[in-house]
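Reviewing the structure listed below.
The values are calculated or read from the model by the stated rules, or taken from the named source; none is laboratory data. Model, not experiment: these values are computed from the prediction. Note: accessible area is taken over every heavy atom of the protein model, side chains too, but ligands, DNA and RNA are not part of it. Shrake-Rupley method; radii C 1.70, N 1.55, O 1.52, S 1.80 Å.
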Amino acid sequence: NFLNFLLFGLLLHVAALPWYFIVPSPEYAEITGSTGIAMLITFTPVTVLLCLLMTEIITRAEQHRENERRDTDFRNILDTMTDTFYRVDREGRITIVSPSVTEFLGYTQEEMLGQHIADFYFDPDERTRLLAALDAAGGRIRDYEAQQKSKDGRAEWVSVSAQYRRDADGALDGV
């Protein structure tokens, strides 16, 4: 991208060079003849800077489109999966939950978001035991059996696979 912009800008300056020296009136020729080279020298770095700016703008726009595509893909996966997916922050508050939770436990996503995950275990201490198992397994477990509480109060057996989430600095960000 940058090279294409730069080549276009340089071609434009070279094509404009005769205009600086071939002008219709003698007065104008005197003005442009003395400033033509200076303008050409000044415009070239400006063209390079504009090329850099345009390249940066285009790159950011492409990254933004790619991020939006990934977000859409992620949302489509969550919206169509039959298993229930949820993510909690460090304090155990639900930050993401898939729509399938409604079919499985009877809660809507809105009812669960922001709530503490321990409130949805049949035995609230089960969350503590899950975290202990997660610690003992090095931060990643599969097929941990627990009972979650449905909206109508029934106990539903679940198999939990979980891992710790970490932020960019490596600090614990959630599960």
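Can you tell me, using C-alpha contacts under 8 Å and at least 6 residues apart, the relative contact order of the range 56-110 as a whole percent? About 23 percent, as a whole number.
Pull out a ≥ b ≥ c, the square roots of the eigenvalues of the alpha-carbon gyration tensor of the range 53-102, then state rounded if a/c is under 1.5, prolate if not and a/b is larger than b/c, and oblate in the remaining case. Note, shape of the range 53-102 comes out oblate. The string of couplings for the range 83-90 from the Karplus curve (6.51, -1.76, 1.60, θ = phi - 60°) is 6, 9, 10, 9, 10, 10, 7, 4 Hz, one whole number per residue in order, with x for Gly and Pro.
A 1.4 Å probe run over the range 71-144, with the rest of the protein chains in place, finds 61 Å² accessible per residue. Does the range 61-175 classify as rounded, prolate or oblate by the C-alpha gyration tensor (a ≥ b ≥ c root eigenvalues; a/c under 1.5 gives rounded; else a/b over b/c gives prolate, otherwise oblate)? Since a/c reaches 1.5 but b/c is at least a/b, the shape of the range 61-175 is classed as oblate. In sequence order, the range 58-68 has phi-based couplings of 5, 4, 5, 5, 5, 5, 4, 4, 5, 5, 5 Hz under the Karplus curve 6.51 cos²θ - 1.76 cosθ + 1.60, θ = phi - 60°, and Gly or Pro positions carry x. Distant-in-sequence amide contacts of PHE122, defined by a placed amide H-H separation under 5 Å and a gap of 5 or more residues or a different chain, comprise GLN147, GLN148, LYS149. Given a 1.4 Å probe and every protein chain left where it sits, what share in percent of the accessible area of the range 135-175 is carbon and sulfur? Using a 1.4 Å probe with all protein chains present, the range 135-175 comes out at 42 percent carbon and sulfur. Across the range 134-141, computed HN-Hα scalar couplings (Karplus, 6.51 cos²θ - 1.76 cosθ + 1.60, θ = phi - 60°) run 5, 4, 5, 8, x, x, 8, 10 Hz from first to last residue, x flagging Gly and Pro.
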